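In what follows, a single structure is set out as structure tokens and then discussed.
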Ligand SMILES: Nc1ncnc2c1ncn2[C@@H]1O[C@H](COP(=O)(O)OP(=O)(O)OP(=O)(O)O)[C@@H](O)[C@H]1O
Ligand SMILES: [Mg+2]
């Protein structure tokens, strides 16, 4: 299978230091573990459908931790190129480019849009700048259109929300159009 594998490990996956050594253990929330294992065990099928886990829930649940465990398994065990992005940081890095036609800007955007798997950690903190909203939409929409799976995490304070309430909350944070795409890209791998 060569559709996403790499032969030589490119210097791509940079997981934040806090999560660089993570593994699932007895302390891991069982719903989180089941969902993540299901994704990894059936990765090929989920990859073809452009589906990846969207982990939502209260702060401290272990969403970023679980995303890091999956990123490491995909990258080191399955040899899938993975790019980790703290959402606010990556949007700011893109917006720091004064010239939106510069090769560096396109290189970074290409990495985010074209890497087989990316993690968008903590995507709910959308800034008010219309430029960052536009960029976030572009990233999600491009990956949605090309069926590239995207692991996402977002915190919310809701207690066991039903899906409708959750998606309404997400739409308030990031807008309805992008929310519809995130919903479809989560498939049955939504942790609420
Ligand atoms: N399975 C686990 N085993 C050990 N420690 C864990 C586990 N899951 C989470 N933790 C620890 O719990 C803390 C919170 O985890 P994490 O940062 O992943 O939460 P989060 O859900 O992403 O929160 P936020 O919404 O604030 O970003 C971290 O210090 C992390 O190391
Ligand atoms: Mg987190």
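Candidates are the residues of the stretch 60-80 that are assigned to a loop (DSSP other than H, G, I, E, B) and either touching a residue at least 12 places away in the same chain (Cβ under 8 Å) or crowded, with 21+ Cβ neighbours inside 10 Å (or both); the one that is farthest from ligand 1 (Cβ to nearest atom) is 79. Scanning the stretch 113-131 for residues that are part of a loop (DSSP other than H, G, I, E, B) and out of contact with any helix residue (DSSP H, G or I) (no Cβ under 6 Å at 6 or more places or on another chain) yields 115, 116, 127, 128, 129. If I go through the stretch 132-149 residue by residue, how many of them are out of contact with any helix residue (DSSP H, G or I) (no Cβ under 8 Å at 6 or more places or on another chain) and on the phi > 0 side of the Ramachandran plot? Counting residues in the stretch 132-149 that are out of contact with any helix residue (DSSP H, G or I) (no Cβ under 8 Å at 6 or more places or on another chain) and on the phi > 0 side of the Ramachandran plot gives 0. Residue 171 fulfils the conditions (1) under 16 Å from the mean Cα position of the chain (by Cα); (2) away from ligand 1 (no atom under 16 Å from the Cβ); (3) surrounded by 16 or more Cβ atoms within 10 Å (Cβ to Cβ) except for a single criterion, (1).
Does residue 184 qualify as being under 22 Å from residue 49 (Cα atoms), surrounded by fewer than 17 Cβ atoms within 10 Å (Cβ to Cβ) and at pLDDT below 95? Considered against the rule, which asks whether it is under 22 Å from residue 49 (Cα atoms), surrounded by fewer than 17 Cβ atoms within 10 Å (Cβ to Cβ) and at pLDDT below 95, residue 184 comes out as no.
Say we look at the stretch 93-112 and pick out the residues that are in a helix (DSSP H, G or I) and touching a helix residue (DSSP H, G or I) at 6+ places or on another chain (Cβ under 8 Å); which of these is farthest from residue 162 (Cα to Cα)? The qualifying residue farthest from residue 162 (Cα to Cα) is 105.
Determine whether the stretch 40-57 contains at least one residue that is in contact with a strand residue (DSSP E or B) (Cβ under 6 Å, 6 or more places away or on another chain) and surrounded by fewer than 20 Cβ atoms within 10 Å (Cβ to Cβ). There is no residue in the stretch 40-57 that is in contact with a strand residue (DSSP E or B) (Cβ under 6 Å, 6 or more places away or on another chain) and surrounded by fewer than 20 Cβ atoms within 10 Å (Cβ to Cβ). Residues in the stretch 181-192 that are under 20 Å from residue 122 (Cβ atoms) and touching a helix residue (DSSP H, G or I) at 6+ places or on another chain (Cβ under 9 Å): 8 in all.
So residue 157 clears everything in (1) in a helix (DSSP H, G or I); (2) exposed (fewer than 15 other Cβ atoms within 10 Å of the Cβ); (3) within 16 Å of ligand 2 (Cβ to nearest atom) except one condition, right? Which one? For residue 157, the failing item is (1).
For the stretch 6-29, does any single residue satisfy the condition of being within 20 Å of residue 183 (Cα to Cα), buried (at least 19 other Cβ atoms within 10 Å of the Cβ) and in contact with a helix residue (DSSP H, G or I) (Cβ under 7 Å, 6 or more places away or on another chain)?
Residues of the stretch 6-29 that are within 20 Å of residue 183 (Cα to Cα), as a first pass: none.
Looking for residues that are within 20 Å of residue 183 (Cα to Cα), buried (at least 19 other Cβ atoms within 10 Å of the Cβ) and in contact with a helix residue (DSSP H, G or I) (Cβ under 7 Å, 6 or more places away or on another chain), one finds none in the stretch 6-29, hence no.
Within the stretch 24-54, being within 18 Å of the chain's Cα centre (by Cα), assigned to a loop (DSSP other than H, G, I, E, B) and within 15 Å of ligand 1 (Cβ to nearest atom) holds for one residue alone: 53. With respect to residue 120, is the statement that it is under 21 Å from residue 179 (Cα atoms), within 16 Å of ligand 1 (Cβ to nearest atom) and surrounded by 17 or more Cβ atoms within 10 Å (Cβ to Cβ) true? Spelling it out, residue 120 is indeed under 21 Å from residue 179 (Cα atoms), within 16 Å of ligand 1 (Cβ to nearest atom) and surrounded by 17 or more Cβ atoms within 10 Å (Cβ to Cβ).
The values are calculated or read from the model by the stated rules, or taken from the named source; none is laboratory data. Bear in mind the structure is a predicted one, so any value in this text is a computation, not a measurement. For neighbour counting, all protein chains shown are included, and Cβ atoms are generated from backbone atoms with ideal geometry for every residue, glycine included.
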